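For reference, the structure discussed in these notes is given below.
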Amino acid sequence: MRWRARAVPPRCMWRGRLTGAERGKLGAEIEPVLELRHRFGIRVVEDATGAHTARWRSGAVKGRQVSNIRGFVCFSFNGNKLITSGSGGMLVSNDAASAPRARHLVNQAKSADDGYMRDEIRYNYRMSHLAAAVGVAQVEQLDSFLARAAPSRWLYSVMPGDEAASVVDLVRGLNARGIQGRRLWSPLLRRRTYVSCERLGGAVADDIYQRVLSLAQLGGRHRRGTRPGGDRTLQPVGAAQPTLQ
């Protein structure tokens with residue numbers, strides 16, 4: 001990461017934002033990201049939706065809770081997340097200098113002196129009060145959700161062995177049996193909107209995209225005393241694999 005940091009022209013990064021995403025209940029490798037932040041003044045927005053209450057296990061951040069870095073952290077409350085309000089999300093910050101600006105934008109840039117005046121153009125992406133009430137009730141159950149999801153945390157993203165059918169065929173086989181499965185999100189380097197952008201690397205992300213199978217993440221919201229899809233999913237995968245090769 002140090003080599004990459006030297007290779008990026010400062011003019012390309014001085015107003016940039018960098019997002020670190022947690023996935024599969026694991027924290028992102030955050031220290032190189034923080035190094036770039038300090039070196040180039042990049043604002044870091046951490047997506048911690050996939051790692052509620054997780055802690056880093058090594059380095060200078062060892063023992064610290066994921067999302068406990070100076071900057072902004074976002075949590076999605078989409079319907080397939082551990083905590084859900086159906087839609088929307090939450091922005092969290094421990095940056096006293098930047099948080100007021102975020103609140104101003106969330107409130108549609110309304111003037112503090114006159115609530116009907118806006119001092120810049122913004123959009124209304126706020127969560128409704130009803131959805132927020134559902135979200136608060138979900139947060140109160142977070143500990144129980146985590147306890148139920150923990151035994152099967154390894155199951156949500158799996159990398160089949162070389163002898164397995166292709167990920168595309170496995171997804172088709174699972175879906176045909178009524179089990180939701182898909183490939184991981186495609187890397188940004190594959191998105192048409194970014195093909196003209198400068199980039200460094202990407203081979204590792206593309207390799208993972210080609211080989212990893214992602215299963216539905218319903219978190220702890222399953223019937224008490226049952227595993228979230230474990231036995232029901234593994235058996236069809238094993239049964240379908242020979243016919244899919």
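Values in this text are rule-based calculations from the coordinates and carry no lab data. Quick caveat, the model's predicted, so the values are computed rather than measured. Heads up, the Cβs are rebuilt from the backbone with ideal geometry, glycines too, and the neighbour counts pull from every protein chain shown.
Based on the Cβ-Cβ distance of Arg183 and Arg55, what FRET efficiency does E = 1/(1 + (r/R0)^6) give at R0 = 30 Å, to the nearest 0.05?
Efficiency for this residue pair is about 0.55.
Here the spin labels are modelled as points 7 Å beyond Cα on the Cα-Cβ line, and at Leu91 and Gln65 they lie 2.1 nm apart.
Working note: Karplus 6.51/-1.76/1.60 with θ = phi - 60° gives region 196-203 the couplings 8, 7, 5, 8, 10, x, x, 5 Hz, where Gly and Pro are set to x.
Take 179-191, 76-88 and order them by the average number of nearby Cβ atoms within 10 Å per residue, most first; the result is 76-88, 179-191.
Please give the contour-minus-distance gain from Cys197 to Gln141: 0.36 nm per residue of separation, less the Cα-Cα distance, rounded to one decimal in nm.
The Cys197-Gln141 span can extend by a further 15.9 nm.
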